[in-house]
Amino acid sequence: EMDWKIVCLDVTDPIAQDVDDVEDLYRYFPGLLHATFSWFRTYKVPDGKALNVFAFREQVQPKEYALEIVDECHHSWRKLVDGVITDKNHNVLNTTLTDSKFCIPMEEAQAIVQKVQSSVPAAKPVLSKNSSLADLTAIPPPVFESTTADLMGLKPMMTIKRFCTD
């Protein structure tokens, strides 16, 4: 399964005018790409999964290649939201793509959400590997009980693995 990652820099960042392609990342952010590969290689290991393997012999591809991938993915997404292709697992009703034939009024979307919410029994929130920081606000802190003397006094540690980007 291909899971593309695109390295981006905010255009308002003061250094953005000097960073144009991969070579500039090595010059202005030494160690960043190595640390990024290291994190993506190992972040699933605590869940018992194998190390991730990367394409292209772990070489970051140049900007032009990244732009081709973004364009290709955009065209695939556009075909989906325009109804050119369909998938039983994807409902493309939306309230923001005004040029889409699947755009519906906000009130209709709210009615759909309320109908689904009322048909699903309320569940106690569970912390999972896909939880975000927002999820942590609804989950009570864990209770750690130990009767083993050598564990007394150790403080529990919670690791947040979710890699969040805007």
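The values are calculated or read from the model by the stated rules, or taken from the named source; none is laboratory data. Because the structure is a prediction, the values reported are computed rather than measured. Counting neighbours? That spans all protein chains shown, and the Cβs are built from the backbone with ideal geometry, glycine included. With ligands, DNA and RNA removed, areas are computed over all heavy atoms of the protein, side chains included. Shrake-Rupley method; radii C 1.70, N 1.55, O 1.52, S 1.80 Å.
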Next on the checklist: Return the pair list, or none, for Cβ contacts closer than 8 Å from residues in region 10-31 that are assigned to a loop (DSSP other than H, G, I, E, B) to residues that are basic (K, R), at least 6 apart or on different chains.
Outcome noted: D20/K63; D21/K63
Checklist entry - Which members of region 39-65 meet the condition of being in a helix (DSSP H, G or I) and more than 18 Å from C8 (Cα to Cα)? => result R41, T42, V45, P46, D47, F56, R57
Item to check | Top-ranked residue of region 66-105 - restricted to ones that are part of a helix (DSSP H, G or I) and open to solvent by 100 Å² or more (accessible area, probe 1.4 Å), ranked as farthest from D21 (Cα to Cα) | outcome: K79
Checklist outcome for this item: The residue from K44, K124, K63, K129 that alone is at pLDDT below 90 and surrounded by 10 or more Cβ atoms within 10 Å (Cβ to Cβ) is K129
Item to check | Close pairs from region 81-99: first without any contact (Cβ under 8 Å) to a residue 40 or more places away in the chain, partner open to solvent by 70 Å² or more (accessible area, probe 1.4 Å) and not in a loop (DSSP other than H, G, I, E, B), Cβ under 7 Å, at least 6 apart | outcome: I85/K79; T95/M106
